[in-house]
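Here's the structure we're looking at; comments come further down.
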């Protein structure tokens, strides 16, 4: 499978929305209070294009979107922190390193934009993904950071991208 990693394009909007919502249906995850119901889902290209410190990646094979992941400066996050958002893979893309590459692309983008930490929210239905986040260095938090509006999320995690080293 020849995978292309690129920034979201306007013509990707519907396929990305369908991919994300299909994962929620597949895992019987809550649809209210999660990304599933976000009004911005209809035009993610515009949302990420208009925000200077945001990037949205897609993994595509031919004309099919296999996965997506972005970084976004969610309101209320601490200085230097951005949220890893809308990280979803189609069933046929899982276990092939596509998610790892998308996360690496987002991490590289975050560092290039001057961020030093990544925050992510999740739900128990996505426990497999949470284990992947932990393997990638994310640590669980006791409470949410920022104001995502995703009241159904009960798992909050943070990963430091830059560690302080004494001079």
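A few remarks follow.
- Of the residues making up the range 6-26, not one is in a strand (DSSP E or B) and either surrounded by 16 or more Cβ atoms within 10 Å (Cβ to Cβ) or free of Cβ contacts under 8 Å to residues at least 40 places away in the same chain (or both).
- Residue satisfying condition, being surrounded by 13 or more Cβ atoms within 10 Å (Cβ to Cβ), at pLDDT below 95 and out of contact with any helix residue (DSSP H, G or I) (no Cβ under 6 Å at 6 or more places or on another chain), within set 37, 60, 29: 37
- Any pair with Cβ under 9 angstrom, 6 or more apart, that starts in the range 125-143 at a residue that is touching a residue at least 40 places away in the same chain (Cβ under 8 Å) and ends at one that is part of a loop (DSSP other than H, G, I, E, B): 125/27; 125/28; 125/29; 125/30; 126/27; 126/29
- The test for being closer than 14 Å to residue 34 by Cα and either surrounded by fewer than 19 Cβ atoms within 10 Å (Cβ to Cβ) or modelled with pLDDT under 95 (or both) holds for residue 147.
- Apart from one condition, residue 82 fits all of (1) buried (at least 21 other Cβ atoms within 10 Å of the Cβ); (2) modelled with pLDDT under 95; the exception is (2).
- Some residue of the range 98-110 being loosely packed, with under 13 Cβ neighbours inside 10 Å, without any contact (Cβ under 8 Å) to a residue 40 or more places away in the chain and over 15 Å from the mean Cα position of the chain (by Cα): no
The values are calculated or read from the model by the stated rules, or taken from the named source; none is laboratory data. Nothing here was measured: the structure is a model prediction, and the numbers come from that model. All Cβ positions, even for glycine, are placed from backbone atoms using ideal geometry, and neighbour counts span all protein chains on display.
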